[in-house]
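Below: the structure, in structure tokens.
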2 protein chains.
Amino acid sequence: MDWGTNLWDQNDVIDKHTQAGLDLLERYIKFVKERTEIEQNYAKQLRNMTKKYSKRGSKEELECKFSNHASFQEILNELGDYAGQRELIAENMTANISDKLTKYLQDLKQERKTHLSDVKKAQQNLESSFKHLESIKKRFAKEWAEADKATQQADKLENDNNNSKIDVDKAKNHALARMRTAEECRNSYAAELQKYNKEQNHFYYTEIPQIFNKLQDMDERRIRQLAEGYCQFSHIEKNVLPIISKCLEGIAAAGTKIDEKKDSKLLIEQYKSGFERPADVEFEDYSQGVKPSNSESALNPLKGRKHKIFKKHKVNLTVFEVE
Amino acid sequence: MDWGTNLWDQNDVIDKHTQAGLDLLERYIKFVKERTEIEQNYAKQLRNMTKKYSKRGSKEELECKFSNHASFQEILNELGDYAGQRELIAENMTANISDKLTKYLQDLKQERKTHLSDVKKAQQNLESSFKHLESIKKRFAKEWAEADKATQQADKLENDNNNSKIDVDKAKNHALARMRTAEECRNSYAAELQKYNKEQNHFYYTEIPQIFNKLQDMDERRIRQLAEGYCQFSHIEKNVLPIISKCLEGIAAAGTKIDEKKDSKLLIEQYKSGFERPADVEFEDYSQGVKPSNSESALNPLKGRKHKIFKKHKVNLTVFEVE
């Protein structure tokens, strides 16, 4: 089923159809570029967010020893990798779809232009040949009418006995001369017609079908490339799915391995003073010669109280700390 | 390993540590909300793009009969579903993480406040008891000193023979009275000390450890909830991955099923006129009495040429169309 044979008289349809095909290709390229921008923007936002929430500074690094803090940092790292995969999607869509198809579109536009211009040239040639044939045919018709008129004139002179033989012969010779000219014109017309019909045949059976078939071949190549571009749109993302899955698994693993008992124990290990709890306050028996002590006894659990209470501005409850 | 026993003197550490825990929970909620916004924005952009590129209008619907056009529409539909899955991620993150943890954070903040306030109250009570003990001890010391002084005074008077027995007895009685008062004070002090030591013991061995253990329990509950929130962050996205995979498969299928030969054939089926190609132009033999025809012969392939050429403004090549 080829366009050359079946659509020989549908140049306009083929013109519009191949244009619509290139328009679709162009629209698809724009679509992929837009998707790429969305993907880049998405990746950038994810990346900025992970940076924003990542811990900085030594104070916070200390907290990171606790599993529930450490796991959040791991999640941020995994999400950073995740963002990297989205960036990869954007990069591959640009390289494997947009850039390739853009180049291809330029070539196809040029090719289509050439084919349509060839059609126009062939049509103009045939038109001009036809005009030439028409003019030759008209000359034959005119010459034949003149010869016919001259012959009738000569016959009329001959049948009228009032005319001299010289006049009759003169008229007959004139008529013969015109007839010869007319017959030459008829031969020219016949030859030109034959030439034209050969040309017309070539136009309809060879020239136009060949160009239309080239346009069909071009359109089918465009469709194959476009179909490949459609598939790439899926494959590029499908290719990163295993790594994205791994990132998600990493996040779940970070959540699962959190051990609240261990975190509680770590706080003890880091801050346990090792001091015994205060013993009972002893009886100071002044009746046995003990002198009144001040209240800063070594056994006093609240020793240095006033001093401490005002040492730290916000926290009034630091009295239990042993230094 | 409990905080109550091991960190009995680290109130300040526990205060700061539980605050840091709530801060992390709060930061995680903010983080998830931010991710949710990014996800919503991403889904919205994808959805707007699919709408923008979807075909509208009858003219373009006609084109959609061609597989390469139809498949693009299918890809847009699949990407619309894909955007729907990203929206679902955002919705579930809000419902299953942010909303839940926000409610939980409020409860924990209140609980922590109560526990720390209980610590402060207990500490204030003990301080006030200690101050009371101090004052009683001081009174005892003072009274004892007075009694001691009175006793020495009486002894001095007795040993000095210049004094009358009445004066000596008076001094002795005074000393005895003071000594009785001092002994009462000693008994009060002893009783108060016993009471205080019981209270102090309760404070260090029961009251504070119990509150610190409640804070530890609270912190461990916080960690478990946070860990669950971390896991949800992964699971919510993992749950939509199968449908996202299906969308991607749908896109690949749309690309794969494109048939360029079928599309070429469809154009023929839609636009084939069925007309035969023009036959040869016939010889018009005026010498056989044929009258000159005008050039609009039925056999002339270019009939109506001038008319047609100017009928359609842009396309000059419509001369081959048969109407």
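Observations on the structure shown:
- Highest mobility in the GNM of chain A, judged by mean-square fluctuation with C-alpha springs under 10 Å and restricted to A:GLN123, A:GLN19, A:GLN152, is found for A:GLN152.
- Taking the helices alone, chain B has a mean residue ellipticity at 222 nm of -27500 deg cm²/dmol, built from -39,500 (n - 2.57) per DSSP H run of at least 4 residues and averaged over all its residues.
- Rounded to whole Hz, the Karplus (6.51, -1.76, 1.60) HN-Hα couplings of segment A:222-234, x for glycine and proline: 4, 5, 4, 5, 5, 4, 4, x, 4, 4, 4, 4, 7
- Counting heavy atoms of the protein chains alone, B:PHE283 has an accessible area of about 80 Å² for a 1.4 Å probe.
- In this structure, the pairs whose alpha-carbon distance is over 22 Å, taken from A:LYS103/B:LYS52; A:LYS51/B:LYS246; A:LYS142/A:LYS172, are A:LYS103/B:LYS52; A:LYS51/B:LYS246.
- Ascending list, in nanometres, of distances separating the A:ALA190 label from those of the other copies (7 Å, Cα toward Cβ): 16.3
- Share of carbon and sulfur in the accessible heavy-atom surface of chain A [1.4 Å probe, %]: 49
- Using heavy atoms of the protein chains and a probe of 1.4 Å, the accessible area assigned to B:MET1 is about 130 Å².
- The ratio of the alpha-carbon radius of gyration of segment A:42-153 to the globular-protein estimate 2.2 N^0.38 Å is 3.01.
- Debye intensity ratio in log₁₀ form over the Cα atoms of the protein assembly as shown, taken at each q of 0.07 Å⁻¹: -0.75
- Per-residue Karplus couplings for segment A:140-150, computed as 6.51 cos²θ - 1.76 cosθ + 1.60 with θ equal to phi - 60°, are listed in order as 4, 4, 5, 4, 5, 5, 4, 5, 4, 5, 4 Hz, Gly and Pro entered as x.
- Other copies of A:ASN162: label-to-label distances in nm, shortest first, labels 7 Å along the beta-carbon direction: 21.4
- Comparing B:LYS142, B:LYS170, B:LYS214 in a Gaussian network model of chain B (Cα springs below 10 Å), the most mobile by mean-square fluctuation is B:LYS170.
- Ordering B:SER54, B:SER71, B:SER128 by accessible surface, largest first, gives B:SER128, B:SER54, B:SER71; the 1.4 Å probe counts only protein heavy atoms, with every chain in place.
- Where segment A:123-207 is the region considered: accessible area per residue in Å², 1.4 Å probe: 64
- The residue in chain A that lies nearest, by its beta carbon, to the axis linking chain A with chain B is given here with the distance in whole angstrom as A:TYR42, 2.
- Per-residue average of Cβ from other chains inside 10 Å of A:110-123: 1
- In sequence order, calculated HN-Hα J values of segment B:35-47 (Karplus, 6.51, -1.76, 1.60; Hz; x Gly/Pro): 4, 4, 5, 4, 5, 5, 5, 4, 4, 5, 5, 4, 5
- Taking B:LYS262, A:LYS109 and ordering them by how much accessible surface each has at a 1.4 Å probe, largest first, produces B:LYS262, A:LYS109.
- Of B:ARG139, B:ARG35, A:ARG27, the order by accessible heavy-atom surface (1.4 Å probe, DNA, RNA and ligands excluded), from most exposed downward, is B:ARG139, A:ARG27, B:ARG35.
- The calculated Kirkwood hydrodynamic radius for chain B is 31.4 Å, given to one decimal from all distinct C-alpha pairs.
- Area projected by the alpha carbon convex hull of segment A:105-194, averaged over all directions, nm²: 6.5
- Within 10 Å of each Cβ in A:215-223, the average number of Cβ atoms from other chains: 4
- The A-B contact accounts for approximately 12700 Å² of buried accessible area, totalled over both chains at a 1.4 Å probe radius.
- Each other copy holds its own label point for B:ASP285; taking that point as 7 Å from Cα along Cα to Cβ, the gaps run 16.5 nm, nearest first.
- Other protein chain Cβ atoms within 10 Å, averaged over every residue that makes up A:224-235: 6
The values are calculated or read from the model by the stated rules, or taken from the named source; none is laboratory data. Worth saying up front: this structure is predicted, and the values here are computed from it rather than measured. Cβ: placed from backbone, ideal geometry, glycine included. Neighbour counts: every protein chain shown. Calculation scope for accessible area: heavy atoms of the full protein, side chains included, ligands and nucleic acids excluded. Shrake-Rupley method; radii C 1.70, N 1.55, O 1.52, S 1.80 Å.
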